Amino acid sequence: MTEPRTSEEPDHRSQVEWDRIIESVGPAGCIVVIDSWMGRALSGMLTAEDIWQETLVLSWRDREQHEWKNVRAYRGWLLEIARNRIRDHARRMQALKRGGSDGTALFSEMGVEEGASLAGLLPGCSTTPSRISSTNERAAQMREALAKLPEEQAQIVRLHLFEERPMPEIAEELAIGLAAAWYRFRQGSVAYARVLARDTSMAPPETEERG
Amino acid sequence: MNDEGELAPADEEHLNELFGSFVEALSDGREVDLEQHLSDRPDLISAARELLAVAGEVAVRKPVDVPRFKGYEILSEVGRGGMGKVYLARHHELGRTVALKTLPAQWSTGERAIKRFEREARAVARLKHPNIIPIYDVGEQDGCPYFTMEYVKGRTLTGVLEGLRGLGVGSKNLQVTHLGKERTPSKGETYLKGVVRYVLDIARALDHAHGEGVVHRDVKPSNILVRSDGTAMLFDFGLATLEESEVLTMTGEFVGTPHYVSPEQAAGRRASFSTDIFSLGATLYELVTLERPFGGITTRDILQEVQERDPRPPSRLNRDVPRDLETICLTAMAKSPNRRYPSATSFAQDLERFLEGIPVHARSVGTIERTWRLACRRPAATLSICLGALLLFGTPSALYLQGRAANKEISDALLAAEESEAQAIVSLADARRERDIAQEINNVLQNMFASVNPSNSGRDARVFELLDNVSKKLEPLRPEVRAALELDLGTSYMTLTLMEESLKHIDIAYELYSSLPGTPLETMLHVRAMRCMIGVQMGRHAQALECLPGIREEYEAAGLFDENYGHVMNSLGLAWLEADELDKAVDVLRTGLEDSARRSADGKPDATFEHNLALALSDRGEIEEGLRLMRSAWQRRVEKWGPQHAYTIDSLGMLAQMLKEAGELTEARELMERTVESSLVTYGEGHVNTVFAVHNLAGLHLELGDLDEAERLELRALELAEAVLPAEHPINASIFEILAEIVAQLGRGDEAIEVQMQSLVIRQEVFGEDHVLTIQAHFILGRYHLAQGQAQEAREQFELAREHALQVAAVRAPFLLLISGDLVRAHRALGEEEAALAVEASMQETLQATPR
């Protein structure tokens, strides 16, 4: 493989750069991952898109805490935030069921009313309605394409392609050989690409906006 | 690789791992050089190349470069869509903040895309209007065209709509304050007026653009920005085309957002100014209802809806939408460009009228111009009474208002006073009386129309409600006034096909006029003629034929060869036609035709006479002449009324039928298809004329042998009929009958029986047993039974058919013989030889009695 192209290291603390980085991590794919992590009970209360928005707000708020390595690592950090948010919400839900308070820091910390838009907490115009719409639509297309694959293919595509987990780790978890894992991944990806291409050619029209 | 081209397992494993590394490399933005990587295995490069392509498609993250445009600093992305991205940028030298728009990456190459883009910029740069966002600059960067425009802070109407929907209060509970801080409402301002102001701004913008020869082609909420001061501005002429330039978009290549496109755009035809009017109408629709006028899952579904379905009236979604506003909206969204506002100016003017509380000029679809029925064979009565202006033209009231100018009468009377004082006094009294009558009629009419002015009552009054209201107020009026208005009312009810009501008022008018001394002859003749003509409309032809010939003679004796005389001749011709007196019908209609030509300014006859005479001649077997006349009638109606007018569609449909009967099936099909299209546009799905049109087309396909299409169409006709007509309507019987024939030919005999049974039931109910159509239905059912080997059932039907056929004079001998012949077959199938012989004997008698 050739060496990476030389480019400036992005500054994730800069408003303009952060915007580009978020675009680079593949937000639609992240939403698909989040969706797979949310239990059914939580899905009734929140959507993966909601969790993603919260993740963005928190990542921007805590940007100084992240030591930049590369986009992949940053993506991993974002997904970790998302996973924690899911846990927080799940705990809150359980606490509410038991009649107790949740103790989860929600948006009141950020000065945002529950259910209000988070867009104002993010820099510049990074979450314009058109971008949110196109991201959500793309995520929906990806989810639907995955759902049409045989389960074992969908699983490995989700784990390696979307979650970017190392294949040896996946193979061990699934109790299959590494070669078998790569084979399954290739087959699944080819099928996924075919379904995605077919479905998106008949997809609903994109939303077009100027925020 | 083995002999079958399959790779060895080890190679497959190698490619599997390679695929994983491809995905990783592309995700990180690293290039993959296959030749270098597989230099020792060139045989795998081809397979690897395919995998590299797949990796590019599936990679969920990819590096995004900061866009660079010379002279500008990109601050952030502010929007994106099918036609590119929009950035917030700052001009280095001027320090000005602008919006910078680019093409989508995959469109950046290609001459077509670049040409379109540049044309947009040139076109819009010419536009200077307070409601159009101006363009500053046009450029290209690394093969990527862009332009810059004024960056306007505000929200798009899409954002406004989303905010409104998010309130969750429903369209009918919205207040002008819900529109946000953008617009400071004036006292008494409503939500609806607030959004109408937005649309008015854009209508004015379009007016300017159209005046410069620019069509926007993509008017929609997301292309309309609402500024902080509440002004709406149009932007993103992304698909604009100059009128005189070539259309680069190929037929079938759809570009745009489907929810707001016009039917012609959806059909792949060229857009025009009218296209923008439609799209703005659709935007208005969404603003007043919070719902899009057309929906669907895929783009294809939505485009189909745009072309085929009328939007639900806005008042059904938001009952606060006044009739005028609904009319404005639906006029702008008429399927046919000919029925929309002719210009953005007229659209804007009606919006202004609405805001000022003045009645709008657009007329709702329900307002009557003329109605008639498009029968399968011929129209029941095609009256040429032109009641386009309802009450104000060609009626006695109008004569009082127009022809009896009080001032002239008075001045004439004063002049006469110089000659004879006594005579002058009488003349002056008459003149004053005429003036008073005219004034009284005028008052009634003004009050009547004032009652539907939204600013007065806000109530929605349909035409017949209006008429009902007026009819209750006539009794106290003096006889001369009441007579005139009763006649007007009767005429109006006739156009609404409320014949019983019409006759009631005309009878009152007749009684009043009869009792009034000095009623002009022409008025009395007119009233009497109206009574007879209603009879024709109601199918009482025999009754009409008792009075119409006499009235005709009186008109001729009085030398009154005016438009009313023409109506009489037309009605008389139709009455003779319905009575099957073809020679008399032809004679009267031909006379009427020649007379109308003499009276007309250009020497051409009235198209209605051409139409009706064509029918009569065709019935008489003069097919060629009939076709010639019907073509002429159609063409003349196209010229006078336009292709989408009800009159025009009537002639088009009849011409198609006649061509079918003449065996010209190809042309007949083409014209019938046009009739269906036009009916859908003019009448919509919920109209009996549309049902007829679809049903006739189904019959044609049956004749062409295209059974699948015939079935599809006939089922569609049935669906339409069920939605709009009562179950026992005669057309349903015809539809079932044709449908039965279709399924029988498709080999579904049992189904044919069931369907034909439905036809029979309707005919029995509507016409009774002693009617040729019911007899026919029995006969056809019998044949289907026979075809299925159900001889007993067949015999029953043939017996019924024969029994009643012997009672009905209209049943001719050939048909009777046909029924009898099949009855014989049924008897023989059941081994009933004696019965068969008896029927055969009776057939012999019939044959001998039939003149050769």
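Being surrounded by fewer than 17 Cβ atoms within 10 Å (Cβ to Cβ) and either under 20 Å from B:D218 (Cβ atoms) or of a type in the set (A, V, I, L, M) (or both) is the requirement here; does B:R353 meet it?
Values: surrounded by fewer than 17 Cβ atoms within 10 Å (Cβ to Cβ): yes; either under 20 Å from B:D218 (Cβ atoms) or of a type in the set (A, V, I, L, M) (or both): no.
No.
Hey, can you tell me all the residues within region B:516-563 that are closer than 20 Å to B:T591 by Cβ and of a type in the set (G, A, S)?
B:A529, B:A544, B:G550, B:A557, B:A558, B:G559
Closer than 19 Å to B:R669 by Cα and at pLDDT below 90: which single residue out of B:L704, B:L713 fits that description? Let's see the steps before the verdict.
Details: B:L713 fails: at pLDDT below 90.
Only one candidate qualifies: B:L704.
Could you list, in sequence order, all residues of region B:276-302 that are hydroxyl-bearing (S, T, Y) and modelled with pLDDT under 90? Let's see the steps before the verdict.
Of the residues in region B:276-302, the ones hydroxyl-bearing (S, T, Y) are B:279, B:283, B:285, B:289, B:298-299.
Result: B:T298, B:T299.
Given the residues B:A25, B:A48, which is the only one that is assigned to a helix (DSSP H, G or I), among the hydrophobic types (A, V, I, L, M, F, W, C) and within 9 Å of another protein chain (Cβ to nearest Cβ)?
Working: B:A48 fails: within 9 Å of another protein chain (Cβ to nearest Cβ).
Going through B:A25, B:A48 in turn, the sole match is B:A25.
Examine region A:14-31 for a residue that is more than 18 Å from A:A139 (Cβ to Cβ) and exposed (fewer than 15 other Cβ atoms within 10 Å of the Cβ), and state whether such a residue exists.
yes
Please note which helices (runs of 4 or more DSSP H) are completely contained in region B:541-644 and include at least 1 residues that are of a type in the set (K, R). Lay out the reasoning, then the answer.
Working: elements: B:541-557, B:563-578, B:582-599, B:607-619, B:623-641.
The helices (runs of 4 or more DSSP H) meeting that bar are B:541-557, B:582-599, B:623-641.
When the residues of region B:52-72 are filtered to those that are outside any loop (DSSP other than H, G, I, E, B) and either under 50 Å from the mean Cα position of the chain (by Cα) or facing another protein chain (nearest Cβ under 7 Å) (or both), which remaining residue is modelled with the lowest pLDDT? Outline the logic, then answer.
If we filter region B:52-72 for residues that are outside any loop (DSSP other than H, G, I, E, B), which is where we start, we get B:52-58, B:69, B:72.
Keeping just the survivors that are either under 50 Å from the mean Cα position of the chain (by Cα) or facing another protein chain (nearest Cβ under 7 Å) (or both) gives B:53-54, B:56-58, B:69.
Values: B:A53: 92, B:V54: 93, B:G56: 92, B:E57: 91, B:V58: 93, B:F69: 87.
It comes out as B:F69.
Consider B:L574 against the criteria (1) in contact with a Pro (Cβ under 9 Å, 6 or more places away or on another chain); (2) farther than 24 Å from B:M494 by Cα: it satisfies all of them except one. Which criterion is unmet?
(2)
Within region B:516-564, work out how many residues are of a type in the set (D, E), closer than 20 Å to B:E486 by Cα and at pLDDT 80 or above.
Adding up the residues that qualify gives 0.
With the checklist (1) modelled with pLDDT of 90 or more; (2) touching a helix residue (DSSP H, G or I) at 6+ places or on another chain (Cβ under 8 Å); (3) more than 11 Å from chain B (Cβ to nearest Cβ) in hand, flag the one item A:L161 doesn't pass.
So A:L161 meets the others, but not (3).
Quick check, is B:L760 crowded, with 22+ Cβ neighbours inside 10 Å, of a type outside the set (G, A, S), closer than 26 Å to B:A809 by Cα and touching a Ser or Thr at 6+ places or on another chain (Cβ under 8 Å)? Quick ask: steps written out before the conclusion?
Numbers: crowded, with 22+ Cβ neighbours inside 10 Å: yes; of a type outside the set (G, A, S): yes; closer than 26 Å to B:A809 by Cα: yes; touching a Ser or Thr at 6+ places or on another chain (Cβ under 8 Å): yes.
When the stated conditions are applied, B:L760 passes them.
Checking B:L75 against (1) crowded, with 22+ Cβ neighbours inside 10 Å; (2) at the interface with chain A (Cβ under 8 Å from one of its Cβ atoms), which single condition isn't satisfied?
Unmet condition: (1).
When you scan region B:505-545, how many residues do you find that are free of Cβ contacts under 8 Å to residues at least 60 places away in the same chain, over 24 Å from B:V470 (Cβ atoms) and aliphatic (A, V, I, L, M)?
The total comes to 5.
Just to check your reading of the model, which residue among B:L127, B:L88 is at pLDDT 85 or above, surrounded by fewer than 22 Cβ atoms within 10 Å (Cβ to Cβ) and within 10 Å of another protein chain (Cβ to nearest Cβ)?
Working: B:L127 fails: within 10 Å of another protein chain (Cβ to nearest Cβ).
Going through B:L127, B:L88 in turn, just one is at pLDDT 85 or above, surrounded by fewer than 22 Cβ atoms within 10 Å (Cβ to Cβ) and within 10 Å of another protein chain (Cβ to nearest Cβ): B:L88.
What's the total number of residues in region B:28-40 that are touching a helix residue (DSSP H, G or I) at 6+ places or on another chain (Cβ under 8 Å), part of a loop (DSSP other than H, G, I, E, B) and more than 7 Å from chain A (Cβ to nearest Cβ)?
Residues in region B:28-40 being touching a helix residue (DSSP H, G or I) at 6+ places or on another chain (Cβ under 8 Å), part of a loop (DSSP other than H, G, I, E, B) and more than 7 Å from chain A (Cβ to nearest Cβ): 1 in total.
Taking into account only those residues within region B:474-514 that are in a loop (DSSP other than H, G, I, E, B) and charged (D, E, K, R), which is surrounded by the most Cβ atoms within 10 Å (Cβ to Cβ)? So that I can check it myself, show each step before the final result.
Here is the first cut: in region B:474-514, the residues in a loop (DSSP other than H, G, I, E, B) are B:474-478, B:496-498.
Subsequent filtering for residues that are charged (D, E, K, R) retains B:475, B:478.
Values: B:E475: 8, B:R478: 13.
In this case the residue turns out to be B:R478.
Checking the conditions here, which among B:H695, B:H729, B:H701 is touching a Ser or Thr at 6+ places or on another chain (Cβ under 8 Å) and more than 26 Å from B:T331 (Cα to Cα)?
Values: B:H729 fails: touching a Ser or Thr at 6+ places or on another chain (Cβ under 8 Å); B:H701 fails: touching a Ser or Thr at 6+ places or on another chain (Cβ under 8 Å).
None of the other options fit; the residue is B:H695.
Are any residues in region B:677-698 surrounded by fewer than 23 Cβ atoms within 10 Å (Cβ to Cβ) and modelled with pLDDT of 90 or more, and if so, which ones?
Within region B:677-698, B:E677 is the sole residue that qualifies.
Can you spot a residue in region A:133-140 that is modelled with pLDDT of 85 or more, closer than 23 Å to A:S14 by Cβ and not basic (K, R)?
Yes, there is a match, as at least one residue in region A:133-140 is modelled with pLDDT of 85 or more, closer than 23 Å to A:S14 by Cβ and not basic (K, R).
The values are calculated or read from the model by the stated rules, or taken from the named source; none is laboratory data. These numbers were taken from a predicted model, which means no experiment stands behind them. So basically every Cβ, Gly included, is an ideal-geometry build from the backbone, and we count neighbours across all protein chains shown.
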